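**Student:** If you scroll down you'll find the structure; I have some questions about it.
The values are calculated or read from the model by the stated rules, or taken from the named source; none is laboratory data. The structure presented is a predicted model; accordingly, all values stated were derived computationally and were not measured. Cβ: placed from backbone, ideal geometry, glycine included. Neighbour counts: every protein chain shown. When the accessible area is computed, the model is the full protein with side chains, heavy atoms only, and any ligands, DNA or RNA have been set aside. Shrake-Rupley method; radii C 1.70, N 1.55, O 1.52, S 1.80 Å.
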Amino acid sequence: MGEDIYKILYCSKNLIEGEHAKQDAEISQILQSARRNNREQNVTGALFFNSAYFAQALEGPKGAIEKIFERIQRDPRHGEVTVLSSETGGERDFPEWSMAHVAPPNETASATMAVALNGALSHPGASSAGVLGLLRSLVIQED
Amino acid sequence: MATAQPLPLPSTVIAPGRRNQGVLVFDRSHRVVHASNTLPELLQLPSEASLLGEAVEEIFCLAFGEKQATASSISQWLDRPVTQSGGPIEIPLVLQTAADARIIHATLCSISEQFRVATFDDGSPAGVQSIAPTLAYRDPLTGVGNRSLLERKLDESLVRLGSGELESVTVLFLDLDRFKVINDTLGHGTGDELLRLVCGRLQSTLRDSDTLARMGGDEFAILLTAPSGREVASALAARIIDLIERTYLIDGQVMNVGASIGIAVAPRDGLTRDDLLKSADLALYFSKGAGRGVSHFFEPAMAEKARLRRTLEFDLRKALVLRQFELHYQAQVEAEGGSILGLIASLRWRHPQRGLLLPVEFIELAQEIGLAIPIGEWVLKRACRDATNWPDSITVAVSVSSLQFESEKLASFVDHVLQAVELPGNRLEIGVTEEILLRKNSNVLKTLTALKALGVKVVMNSFGTGVASLSQLVNFPFDKINIDPSLMAACQNDAKSRAVLRAIAVLGDTLGIATLAGGVETSEQLMRVRSEGCSTVQGFYCTKAVPAGELASLFVPSTPPLTAND
């Protein structure tokens with residue numbers, strides 16, 4: 001490899017309309033295509049969503065991340081995209097996941113995530129570590 | 001911006017537009033910037049929109065299979081240097097489609113330092129002709145259409161509008177906000193890449209029948225001809241603004257720009273190309289003035305407003321030479337004794353048709369057209385000369401704009417003026433707004449210090465309303481704080497405002513800085529200012545602003561203005 005790992009974390013408002021079932025279908029389609037593309041490009045990460053928010057961590061070669069991010073930016077299914085952090089170097093946070101689906105195991109975890117994202121959207125920078133920490137802990141709980 | 005010099009074009013490449021031919025334009029990093037709409041069918045690929053931004057190698061892989069795509073002949077073909085002596089490069093190659101094993105003749109040529117074109121033909125010899133006309137309509141930096149393309153398409157659309165074939169023709173003008181800062185600070189390479197990403201995002205919002213063109217710099221135009229009401233255009237504009245404002249990641253940097261949009265619709269807003277483009281431009285100008293990040297449809301009133309502004313600009317450019325500016329003076333009066341301490345200069349423009357104009361009516365325009373500094377210098381010079389006619393005890397106060405501060409010449413200019421009119425430095429007060437102190441620019445402090453060294457008194461204007469914090473009063477030894485008149489007005493009914501007034505007076509007293517209360521209009525306000533401890537007052541209650549020629553009566557020592565009214 002040799003190349004440094006580039007990592008970004010963003011959150012955005014969920015603009016997918018309709019029932020839970022329709023949302024779930026859209027998300028599983030997003031996850032599927034993300035996993036297919038990411039594996040080829042050595043990109044890993046995690047995606048959280050609820051009815052209000054998305055949060056996604058992406059990590060991998062810089063060129064690939066920037067290209068994927070640009071494609072994500074053009075997606076009409078979300079809005080108000082806020083980049084919480086971007087950094088080069090360090091270890092992958094989600095080494096085993098081409099794109100982990102972060103599903104909070106219970107109401108409390110879901111509410112904690114929503115509060116963290118709400119805070120992150122109003123004060124970018126301040127709570128990015130919190131969002132990332134939550135993503136990581138929730139991925140592990142899902143195992 | 002890198003302007004790639006187009007190379008002479010090969011004479012026999014395949015033109016796009018026919019079913020059995022296709023064109024792919026890609027940049028130096030092998031990313032697709034244009035794909036003809038025939039390409040998906042010809043090479044059995046997904047729709048052309050999704051090809052944009054892809055690596056050309058990936059497309060080859062999809063079309064011709066991994067084995068052919070990874071052959072060394074292909075990579076050599078793609079990497080072939082673009083500039084060689086001896087004319088245009090034109091390299092042929094024969095390939096076989098992965099989907100149905102058809103033979104495809106591919107030709108590679110370079111159109112500029114930046115771009116290469118691959119053309120594909122499934123064997124029909126009929127389509128051999130020059131692609132030069134197509135490339136003449138491409139913007140070499142981004143690969144989208146250029147101004148010529150937009151003009152040609154617009155002309156065609158207006159003809160179709162005239163014949164009744166189209167109901168309306170809509171033009172969106174788009175201009176990036178804050179692009180210049182990125183281009184200047186992060187380099188042209190980053191700026192160019194940002195423009196390409198912007199084009200990609202714009203393209204992703206459009207239908208096949210819409211035309212996107214880069215008009216130059218960071219300005220783009222979109223032509224809509226499909227039946228579309230104002231709602232469609234305004235929804236598209238909102239979507240574009242949202243998309244453009246989203247964060248960009250370029251080479252490890254995170255950046256943001258904004259977009260302002262003006263919309264004009266034919267036949268309503270113009271029937272000719274020039275009229276319609278002018279209307280769209282005026283609407284864009286209006287959007288930029290209305291706080292940016294918004295879109296507006298053209299309104300006839302915008303044209304009228306622009307006409308008035310042009311007239312005012314024309315007049316303003318002549319005003320200095322024709323000596324239409326004058327200074328009026330308002331007294332600064334000692335709060336206790338009532339004697340005049342100094343006079344504050346304020347600018348007036350005696351417009352030949354519109355009468356006496358206050359600065360608020362023309363200063364913003366003067367700044368926009370680069371006249372703020374010459375006018376500011378005239379004010380300084382004139383005020384200092386006027387002051388030489390007054391008693392020695394009376395100072396003259398002049399407000400200086402932040403633009404003047406940025407010019408870095410302010411202190412030497414003031415020095416020059418003081419010497420020329422033989423006015424002692426301590427009779428001049430220079431007023432600055434608190435906003436200039438917030439600039440992260442060491443020149444401001446340097447200039448302020450240089451002014452003090454001349455003996456000039458430095459005053460903070462409009463204190464108590466803006467963003468400055470009290471700590472800024474400590475950073476520089478101000479001679480005086482001018483409390484904003486609005487605070488005086490608020491004191492009437494508001495105990496909190498009175499507390500602020502009192503706090504500023506105490507602060508000034510403690511730091512040894514004089515305090516001037518502006519906007520004193522009633523005897524009650526005068527009493528309050530005295531009791532709160534402000535040292536100097538100014539306002540209609542003392543004197544109104546009068547022309548320099550009418551000042552003489554103020555200087556009669558026996559009748560200080562305040563005692564006369566007390």
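**Student:** Starting from residues that are at the interface with chain B (Cβ under 10 Å from one of its Cβ atoms) and touching a strand residue (DSSP E or B) at 6+ places or on another chain (Cβ under 8 Å), keep the ones in the range A:59-77 and report whichever is farthest from residue A:18 (Cα to Cα). It would help to see each step written out before you state the result.
**Tutor:** Let us first name the residues in the range A:59-77 that are at the interface with chain B (Cβ under 10 Å from one of its Cβ atoms), namely A:62-63, A:65-76.
With the extra rule that they be touching a strand residue (DSSP E or B) at 6+ places or on another chain (Cβ under 8 Å), the set shrinks to A:62, A:65-66, A:68-70, A:72-73.
Working: A:62: 35, A:65: 30, A:66: 30, A:68: 26, A:69: 25, A:70: 26, A:72: 21, A:73: 21 Å.
If we take residues in the range A:59-77 being at the interface with chain B (Cβ under 10 Å from one of its Cβ atoms) and touching a strand residue (DSSP E or B) at 6+ places or on another chain (Cβ under 8 Å), then A:62 is farthest from residue A:18 (Cα to Cα).
**Student:** Filter the helices (runs of 4 or more DSSP H) completely within the range B:167-263 down to those with at least 1 residues that are in contact (Cβ under 8 Å) with a residue 24 or more places away in the chain, under 21 Å from residue B:281 (Cα atoms) and within 14 Å of another protein chain (Cβ to nearest Cβ). So that I can check it myself, show each step before the final result.
**Tutor:** Details: elements: B:179-186, B:188-204, B:230-245.
Ranges flagged: B:188-204, B:230-245.
**Student:** Within the range B:501-514, is even one residue exposed (fewer than 15 other Cβ atoms within 10 Å of the Cβ), within 30 Å of residue B:423 (Cβ to Cβ) and among the charged types (D, E, K, R)?
**Tutor:** Looking through the range B:501-514, at least one residue is exposed (fewer than 15 other Cβ atoms within 10 Å of the Cβ), within 30 Å of residue B:423 (Cβ to Cβ) and among the charged types (D, E, K, R).
**Student:** Sticking with this one: Tell me, please, whether a residue that is of a type outside the set (Val, Ile, Thr), open to solvent by 20 Å² or more (accessible area, probe 1.4 Å) and under 12 Å from residue A:7 (Cβ atoms) can be found in the range A:44-53.
**Tutor:** Checking the range A:44-53: not a single residue is of a type outside the set (Val, Ile, Thr), open to solvent by 20 Å² or more (accessible area, probe 1.4 Å) and under 12 Å from residue A:7 (Cβ atoms).
**Student:** Right, here's the next one. Would you check if there is a residue in the range B:315-333 being at pLDDT 90 or above, buried (at least 20 other Cβ atoms within 10 Å of the Cβ), acidic (Asp, Glu) and more than 30 Å from residue A:85 (Cβ to Cβ)?
**Tutor:** The answer is no; no qualifying residue exists.
**Student:** On the given criteria, is residue B:274 assigned to a helix (DSSP H, G or I), more than 14 Å from every other protein chain (Cβ to nearest Cβ) and surrounded by fewer than 18 Cβ atoms within 10 Å (Cβ to Cβ)?
**Tutor:** On the way: assigned to a helix (DSSP H, G or I): yes; more than 14 Å from every other protein chain (Cβ to nearest Cβ): yes; surrounded by fewer than 18 Cβ atoms within 10 Å (Cβ to Cβ): yes.
Here the answer is yes, as residue B:274 does meet what is asked.
**Student:** Among (1) farther than 12 Å from residue A:97 by Cα; (2) touching a strand residue (DSSP E or B) at 6+ places or on another chain (Cβ under 7 Å); (3) modelled with pLDDT of 85 or more; (4) away from chain B (no Cβ under 14 Å), there is one condition residue A:29 misses while meeting the rest; what is its number?
**Tutor:** (2)
**Student:** Take the residues in the range B:295-304 that are touching a residue at least 12 places away in the same chain (Cβ under 8 Å) and surrounded by fewer than 18 Cβ atoms within 10 Å (Cβ to Cβ); name whichever of them is nearest to the chain's Cα centre (by Cα).
**Tutor:** Initial filter on the range B:295-304 (touching a residue at least 12 places away in the same chain (Cβ under 8 Å)): B:295-299, B:302-303.
Remaining after also requiring surrounded by fewer than 18 Cβ atoms within 10 Å (Cβ to Cβ): B:299, B:303.
On the way: B:299: 22, B:303: 20 Å.
Among those that are touching a residue at least 12 places away in the same chain (Cβ under 8 Å) and surrounded by fewer than 18 Cβ atoms within 10 Å (Cβ to Cβ), it is B:303.
**Student:** Of all residues in the range B:515-556, how many are farther than 24 Å from residue B:478 by Cα, among the β-branched types (Val, Ile, Thr) and buried (at least 17 other Cβ atoms within 10 Å of the Cβ)?
**Tutor:** Summing the residues that are farther than 24 Å from residue B:478 by Cα, among the β-branched types (Val, Ile, Thr) and buried (at least 17 other Cβ atoms within 10 Å of the Cβ) in the range B:515-556 gives 1.
**Student:** Would you check if there is a residue in the range A:107-124 being under 13 Å from the mean Cα position of the chain (by Cα) and open to solvent by 20 Å² or more (accessible area, probe 1.4 Å)? Before you say what the answer is, go through the steps one by one.
**Tutor:** First, the residues of the range A:107-124 that are under 13 Å from the mean Cα position of the chain (by Cα): A:113, A:117.
Now restrict to residues that are open to solvent by 20 Å² or more (accessible area, probe 1.4 Å): none.
So far as the range A:107-124 goes, no, none of its residues is under 13 Å from the mean Cα position of the chain (by Cα) and open to solvent by 20 Å² or more (accessible area, probe 1.4 Å).
**Student:** Here is a check on your reading of the model: is residue A:82 touching a Lys or Arg at 6+ places or on another chain (Cβ under 9 Å) and either open to solvent by 20 Å² or more (accessible area, probe 1.4 Å) or not aromatic (Phe, Trp, Tyr) (or both)?
**Tutor:** Considered against the rule, which asks whether it is touching a Lys or Arg at 6+ places or on another chain (Cβ under 9 Å) and either open to solvent by 20 Å² or more (accessible area, probe 1.4 Å) or not aromatic (Phe, Trp, Tyr) (or both), residue A:82 comes out as no.
**Student:** Got a sec? Which of B:18, B:80, B:28 is at pLDDT 80 or above, surrounded by fewer than 21 Cβ atoms within 10 Å (Cβ to Cβ) and not β-branched (Val, Ile, Thr)?
**Tutor:** Details: B:18 fails: at pLDDT 80 or above; B:80 fails: at pLDDT 80 or above.
Exactly one residue qualifies, and that residue is B:28.
**Student:** Among the listed residues B:241, B:250, B:263, identify the single one that is farther than 30 Å from residue A:68 by Cα and not aromatic (Phe, Trp, Tyr). Before the answer, list the steps.
**Tutor:** Working: B:241 fails: farther than 30 Å from residue A:68 by Cα; B:250 fails: farther than 30 Å from residue A:68 by Cα.
Exactly one of B:241, B:250, B:263 is farther than 30 Å from residue A:68 by Cα and not aromatic (Phe, Trp, Tyr), namely B:263.
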